[in-house]
Amino acid sequence: MNRERRSMLLSCLFMGLGQLYNKYFLKGIVLFIIELLYLIKIPRIIKGIWGVVTLGETTQKMNGFQIIQGDHSIFLLIEGVVTIMMLFILLGLYIWNIKDAKRIGHEMDNGKSYMTTKQYLIKVYDQSFVSIMLTPATMGVLFFILLPILVTVLVAFTNYSAPDHIPPRNLVDWVGFKNFIDIFKLKIWSKTFFKIGSWTVVWAILSTLLNYSCGLIMALMMNRKNIKFKGFWRTIFILPYAVPAFISLLVFRLLFSGVGPVNNLIVSFGFDKIPFLTDPLLAKVSLILINTWLGAPYFMVLLSGSLTNISDSIYEAAEIDGASKWVQFWKITLPLLLFQTAPVLILTFAYNFNNFGAIYLLTGGKPTNSALRYAGETDILITWIFKLTSDQSQFHMAAVISIILFIFIASFSTYQFMKSKSFTEEDMM
Amino acid sequence: MSKTKIIDKILDGLTYLGLILITLSVLLPLTWIVLSSMQVGNSLYSSSFLPNSLTLDHYKTLFTKTDFPIWYMNTLKIATLNMILGVIITTLTAYTFSRYKFKGRKQAMIGMLVLQMFPSFLAMTAIYILITKMGLMDTHAGLLIVYIAGQIPYNSWLVKGYFDGIPKSLDEAARVDGAGHLTIFLKIIMPITKPIVVFVALTNFIGPWFDFIFPKLLLRSADKKTLAVGIFEWISSRANDNFTQFAAASILIAVPIAVLFMYLQKHIVAGLSAGATKG
């Protein structure tokens, strides 16, 4: 048997043995210790898997005044997911360990001498630059993005919700696809879901279109040749973009509230108060208009840039052909601008689709509507999810809606990405 | 005068009218809040566009009788740390992805791309439980970890796109001259990529001033709160009593941020469009 086969088998037997056999001591010992650590933790690994499979078996009990702690289903779920992630990491390491042993064995069979630890350390530093650089990001992404997403996805398949399934008082159980069926079939959920969902789409489309067209009008006005004080207008127009959005939103909330100055003014003229933010339809209109106030300046800046990029010669040629200014705008300016800014439009749509701040700070989803489950008239999906999570503890449904929302946004962004430059460029990947 | 000239004049007039109308709609709400912050008394009910007399008392109260200074310092601290740590981690990650070939690179990049589409607050329940389990509940460290981790996928992609645009021959030339990995990164790459780094720094700095989902979720005690949460609570609970106090606080938050924004406007717009086209 040659060295290659032997080192491979040894590394299969126990991580690091193959490396030790070939006198790669540092690497071998590190790998050996890693497997040892996992072996010591076997009881915890088993408990982790038991936890994610059963979500706990003992309910919390009262013994007189003393509370006997039961299993905390959600902690068990998280521990289980972490355990499974750790096992995947081990699997990856294990496979790499075998491949590495094979490679080293192969090299030594072919007469290459092994490196001393010092040589090896130098080589490791050189090669490990990549892993050192990526470690913080990897840890952050694994534990604070991927793990929460996995847990959210799993929660969608449980009954984790108030009032009967909130740990540590009660256990949570797996319920399969029940929540996904409920949200489409169960009247009270489906009605809310479709109503809120369609308003979310309308809101996102109208907001985006209005932001864009108002921004375009502003950019065109600024771009006219005879206009004076361009810098002055520009500075003022950009203000709504510069002031923190949450401040402007709260200011508008007060300005248009029932006792706010706008209504005071209306009353002082002898008219009735206008329920800007409390009438269902009017509140929606106000929301979209106020959002335009906030969003149009960005498009103004972006589109003025694009406008100056369109070369004058195109307009001169059109002029010679006798095209009027009006025709020039519709046939030259607008198509070119749309072509250049299409990705931004899509991004803005996705942003408004999840524009939590605008809705939550202006109306908080109000006015209320008892026909809707835990939602108000102006709630969009994301604010509904927030309410379901933080106020109502309906975590299972919040998770289901999050998943649906994610699929929707992801398909949108994927489409946009496929069209973008970076994807088609060979070098990127 | 010819016909086209008359039309031109009319259009000019309409444009000025439009400009003035927009100016009014921008300035009126802002002026109202500035004047309100100096209005005598503190109720929203009695507020009008033009108060009779002006005072600076509310600013004084803000610093002597409320938690405002504590919140301000908290937010400033979180924003600064988020900016520094976020920029370091993001640029290092992006640089590695842009310049080094390694196993699993493509998979990692696609993974990041998918993850950046998932707004981190969609997973807020899980994050809440996780932070509780780690014993980081009601600490700024917990909030910071969530912020910094949350921005990695999107910003790394953005910055990587920028790095890709810089010719690799620059790195190679430096390597031939004997420069190490970090030296190349710090001395050669960072200076050229200043615009995008400024953009990431700025968005990371400004984020904590705006966000109030996570502070609301993860911070409990009054002396740990950030500005957005504190101020929102003034308005959502007793808007009428806290109104002028809110107005004064708004000015103190909005002015520095707006100035910073105006000053760095070009970088912001460039960064946003880069994000849009690079995907």
> Here are some conditions: (1) within 14 Å of chain B (Cβ to nearest Cβ); (2) open to solvent by less than 50 Å² (accessible area, probe 1.4 Å); (3) among the aromatic types (Phe, Trp, Tyr). A:Phe75 meets all but one. Which one does it not meet?
Replying inline: (2)
> So which residues in segment A:280-313 are modelled with pLDDT of 85 or more, β-branched (Val, Ile, Thr) and surrounded by fewer than 16 Cβ atoms within 10 Å (Cβ to Cβ), if there are any at all?
Replying inline: A:Val285
>> Just the residues that are more than 9 Å from every other protein chain (Cβ to nearest Cβ) and among the small types (Gly, Ala, Ser), please, taken from segment B:132-150.
In response: B:Gly135, B:Ala141, B:Gly142
> Exactly one of (1) facing chain A (nearest Cβ under 9 Å); (2) closer than 17 Å to B:Met73 by Cα is unmet by B:Gly207. Its number?
Replying inline: (1)
>> Which count do you get for residues in segment B:214-235 that are under 17 Å from B:Ala249 (Cα atoms), more than 18 Å from the chain's Cα centre (by Cα) and open to solvent by less than 40 Å² (accessible area, probe 1.4 Å)?
In response: 2
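Check A:Leu209, A:Leu249, A:Leu281 and return the single one that is of a type outside the set (Ser, Thr, Tyr) and in contact (Cβ under 8 Å) with a residue 24 or more places away in the chain.
Every option except A:Leu249 fails the conditions.
Condition check ((1) within 28 Å of A:Ile84 (Cβ to Cβ); (2) among the hydrophobic types (A, V, I, L, M, F, W, C)) across all residues:
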{"residue": "A:Pro148", "(1), (2)": "yes, no"}
{"residue": "A:Val155", "(1), (2)": "yes, yes"}
{"residue": "A:Asn159", "(1), (2)": "yes, no"}
{"residue": "A:Asp164", "(1), (2)": "yes, no"}
{"residue": "A:Trp174", "(1), (2)": "yes, yes"}
{"residue": "A:Lys178", "(1), (2)": "yes, no"}
{"residue": "A:Trp189", "(1), (2)": "no, yes"}
{"residue": "A:Lys195", "(1), (2)": "no, no"}
> Do you know which residues across segment B:91-146 are in contact (Cβ under 8 Å) with a residue 24 or more places away in the chain, in contact with a Phe, Trp or Tyr (Cβ under 9 Å, 6 or more places away or on another chain) and open to solvent by 30 Å² or more (accessible area, probe 1.4 Å)?
Replying inline: B:Leu92, B:Arg99, B:Gln116, B:Ser120, B:Phe121, B:Met137
> What's the number of the condition A:Gly111 fails, among (1) part of a helix (DSSP H, G or I); (2) loosely packed, with under 10 Cβ neighbours inside 10 Å; (3) not hydroxyl-bearing (Ser, Thr, Tyr)?
Replying inline: (1)
> Quick one: what pairs do we get from segment A:130-159, first residue within 7 Å of chain B (Cβ to nearest Cβ) and farther than 26 Å from B:Ile89 by Cα, second in a helix (DSSP H, G or I) and open to solvent by 50 Å² or more (accessible area, probe 1.4 Å), C-beta under 6 Å, 6+ apart or different chains?
Replying inline: none
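Within the bounds of segment A:264-274, is there any residue that is assigned to a helix (DSSP H, G or I), within 14 Å of chain B (Cβ to nearest Cβ) and touching a residue at least 40 places away in the same chain (Cβ under 8 Å)?
We begin by selecting, within segment A:264-274, every residue assigned to a helix (DSSP H, G or I); these are A:264-268.
This time we only want the ones that are within 14 Å of chain B (Cβ to nearest Cβ), so: A:264-268.
Now restrict to residues that are touching a residue at least 40 places away in the same chain (Cβ under 8 Å): none.
No: segment A:264-274 contains no residue that is assigned to a helix (DSSP H, G or I), within 14 Å of chain B (Cβ to nearest Cβ) and touching a residue at least 40 places away in the same chain (Cβ under 8 Å).
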> Among all residue pairs at least 6 apart or on different chains, which show Cβ distances below 7 Å where the first residue, located in segment A:226-241, is under 23 Å from B:Asp8 (Cβ atoms) and the second is among the charged types (D, E, K, R)?
Replying inline: A:Asn226/B:Asp12
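Among the residues of segment B:151-167, are any more than 12 Å from every other protein chain (Cβ to nearest Cβ), surrounded by fewer than 18 Cβ atoms within 10 Å (Cβ to Cβ) and farther than 30 Å from A:Leu76 by Cα? Write out each step before concluding.
Going residue by residue through segment B:151-167, those that are more than 12 Å from every other protein chain (Cβ to nearest Cβ) are B:166.
With the extra rule that they be surrounded by fewer than 18 Cβ atoms within 10 Å (Cβ to Cβ), the set shrinks to B:166.
If we keep only those that are farther than 30 Å from A:Leu76 by Cα as well, we get B:166.
The answer is yes, given that some residue of segment B:151-167 is more than 12 Å from every other protein chain (Cβ to nearest Cβ), surrounded by fewer than 18 Cβ atoms within 10 Å (Cβ to Cβ) and farther than 30 Å from A:Leu76 by Cα.
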> Any idea how many residues of segment A:364-406 are modelled with pLDDT of 85 or more, open to solvent by less than 20 Å² (accessible area, probe 1.4 Å) and in a loop (DSSP other than H, G, I, E, B)?
Replying inline: 4
>> If I ask for residues that are at the interface with chain B (Cβ under 9 Å from one of its Cβ atoms) and in contact with a Phe, Trp or Tyr (Cβ under 8 Å, 6 or more places away or on another chain), which ones from segment A:382-397 would you list?
In response: A:Ile382, A:Phe386, A:Thr389, A:Phe395
> Of the residues in segment B:1-35, how many are free of Cβ contacts under 8 Å to residues at least 24 places away in the same chain, of a type in the set (A, V, I, L, M, F, W, C) and closer than 18 Å to B:Ile251 by Cα?
Replying inline: 6
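The values are calculated or read from the model by the stated rules, or taken from the named source; none is laboratory data. The model shown is predicted, which means the values in this text are computed figures rather than measured ones. As a convention, Cβ positions derive from the backbone with ideal geometry for all residues, glycine included, and neighbour counts pool all protein chains shown. In case anyone asks, the SASA skips ligands and DNA or RNA and just uses the protein heavy atoms, side chains included. Shrake-Rupley method; radii C 1.70, N 1.55, O 1.52, S 1.80 Å.
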